[in-house]
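I have placed the structure first, in the form of structure tokens, so that the comments after it can refer back to it.
The values are calculated or read from the model by the stated rules, or taken from the named source; none is laboratory data. In this text the structure is predicted, and so the values were computed from the model without any measurement. All Cβ positions, glycine included, derive from the backbone under ideal geometry; neighbour counts span all protein chains shown.
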Amino acid sequence: MNGQTDAREKRDTFWRRLRLRLTADEMFHETEVQANRLGALTLLCSGILLVLLLILTAAGVFLLPLSSVFPPFIQAIVEVLILLIVCRAVKYDAWWLKHLLMLGLVIVYARLDSVLTHKAAILMVIPVVLSSRYFSRRLTVFTSLVTTVVFACSAAWGATHGMININIVTAPAGTEIIATGGFLGEAVQKISDDRMLTINTMLYDYFPRWLMFSIVSVISCNIARRGRDMVTSQHEKDVKTARIKSELDLATRIQADMLPNIYPAFPDRREFDIYAAMDPAKEVGGDFYDFFLIDDDHLCMVMADVSGKGVPAALFMMASKIILANNAMAGKSPAQILTAANAAVCAHNREEMFVTVWLGILEISTGKLTAANAGHEYPILKHADGAYELIKDKHGFVIGGMDGVRYGEYELTLEPGAALFLYTDGVPEATDAEGAMFGTERLLAALNAAPAAAPDAVLQNVRAAVDDFVKGAEQFDDLTMLAFKYMGAARENTI
């Protein structure tokens with residue numbers, strides 16, 4: 001059994017590593033394509049530089065024999081053109097292209113170094129630095145090793161054929177050096193041993209540069225490794241963020257489905273019309289509204305605001321909504337509903353969250369509205385022939401704030417044509433860029449601008465007034481509103 005378990009674990013580990021490798025390859029694919037484009041651009045610039053140096057040498061600016069410059073430069077230019085054609089042919093997208101580009105850059109710069117010798121040795125760091133852009137430590141190490149070998153060969157050849165550094169030439173005292181044709185290198189070569197030139201060039205020119213190159217290689221390897229780790233870490237964060245966003249989107253849809261959202265809500269009832277909306281400040285909100293028929297003659301309306309924002313408030317909101325609805329359907333009065341809900345919430349409220357609630361039950365046949373308020377905003381009522389005005393009802397304590405609280409209730413009589421507007425504090429406390437609040441006065445003005453409007457138009461008018469006031473300022477709180485209009489009890493047809 002242990003052997004089978006070990007074999008299964010090894011197999012699972014292999015497939016997990018393979019999936020991670022495939023994911024990493026896919027994740028860095030775009031990075032490699034961009035790095036390939038950068039490598040091709042570097043090659044193009046190098047080719048232009050080679051052509052310019054060849055022209056300057058032919059014009060006599062550089063005192064080098066054209067016969068020693070022309071062959072390696074032409075070969076390097078041809079190599080650059082071939083590599084650029086290959087890059088365009090594969091559209092900079094091939095797994096082997098990065099190795100070909102690095103090798104091509106090394107060879108091109110080595111040919112240039114073989115002519116200019118110590119003056120072009122600094123070019124050896126360019127392919128190594130460029131390889132770190134791929135965020136591949138293996139590629140950077142590969143490029144460093146290839147560069148070391150190729151530039152060592154070019155230095156050995158350039159010591160006797162390229163531009164000689166006079167500072168490293170040793171000769172017996174009193175030796176006369178006579179330059180012919182203005183080229184001092186040829187005169188030095190005549191009095192110097194090729195072996196001595198090669199050793200001195202490698203020791204005094206390239207060894208110090210190799211030390212610098214080694215430091216750059218170590219730094220480039222570290223950049224490649226850390227860059228890959230950073231990209232991988234960012235990818236994991238992006239995946240996690242996308243997953244969280246997906247879950248929040250799902251939570252938003254679930255929360256929206258928990259609230260009444262199909263209108264007209266009661267198409268068969270002509271006694272009243274009702275419309276509500278919630279616009280959360282975050283993906284999910286803590287405000288909620290509810291309305292439902294307890295029986296054929298009683299309509300329950302709820303407007304509530306949970307403390308806090310985001311997912312915790314949304315969870316608390318769903319639990320509170322269910323508790324309130326269950327107690328209402330049990331036939332209790334508004335005061336009894338709030339008292340029972342407070343006891344249920346306080347029994348399991350370790351996070352010490354609370355919710356403000358306005359709850360009313362309308363007797364549809366008579367227009368009698370019985371309501372209770374647990375620390376919520378004042379309701380706004382419009383009588384049949386009047387304007388919208390605040391009803392400063394008596395507030396009880398918030399639900400979940402303290403166990404053992406009992407709530408009172410009051411009654412209002414709605415005549416045909418009366419309207420009720422319920423809201424959360426996100427409406428009057430909406431702020432503009434200067435920090436000024438929308439306020440209750442502006443809310444009443446928006447309602448009374450069209451007092452006879454249907455419930456859906458009432459919500460649109462208020463929201464337009466809020467948006468016009470805040471002028472694009474960030475929304476800090478949920479905006480939840482409910483508009484109700486009472487048309488009166490339906491009369492039975494008589495014959």
Regarding the range 281-292, can at least one residue be identified that is in contact with a strand residue (DSSP E or B) (Cβ under 7 Å, 6 or more places away or on another chain), crowded, with 23+ Cβ neighbours inside 10 Å, charged (D, E, K, R) and in the same structural domain as residue 474 (by TED's automatic domain parsing)? yes
Tally up the residues in the range 436-495 that are over 17 Å from residue 287 (Cβ atoms) and in contact with a Ser or Thr (Cβ under 6 Å, 6 or more places away or on another chain), please. 2
The lone exception for residue 227 - which of (1) under 23 Å from the mean Cα position of the chain (by Cα); (2) assigned by TED's automatic domain parsing to the domain that holds residue 384 it fails: (2)
Residues that are under 18 Å from residue 325 (Cα atoms) and assigned to a strand (DSSP E or B), drawn from the range 340-369: 355, 356, 357, 358, 359, 360, 361, 362, 363, 369
In the range 419-445, the residues that are in contact with a helix residue (DSSP H, G or I) (Cβ under 9 Å, 6 or more places away or on another chain), touching a residue at least 60 places away in the same chain (Cβ under 8 Å) and of a type in the set (A, V, I, L, M, F, W, C): 419, 421, 443
Any residue at all in the range 250-264 that's over 19 Å from the mean Cα position of the chain (by Cα), more than 24 Å from residue 427 (Cα to Cα) and either exposed (fewer than 12 other Cβ atoms within 10 Å of the Cβ) or among the hydroxyl-bearing types (Ser, Thr, Tyr) (or both)? no
Within the range 136-168, residues being of a type in the set (Phe, Trp, Tyr) and modelled with pLDDT of 85 or more number 1
The residue that is nearest to residue 352 (Cα to Cα), considering only those in the range 277-313 that are among the small types (Gly, Ala, Ser) and touching a Ser or Thr at 6+ places or on another chain (Cβ under 9 Å), is 307
Checking residue 374 against (1) farther than 27 Å from residue 486 by Cβ; (2) free of Cβ contacts under 8 Å to residues at least 40 places away in the same chain; (3) under 41 Å from the mean Cα position of the chain (by Cα): exactly one of these is not met. Which one? (1)
Being crowded, with 19+ Cβ neighbours inside 10 Å and of a type in the set (Lys, Arg) is the filter here; which residues of the range 348-399 pass it? 382
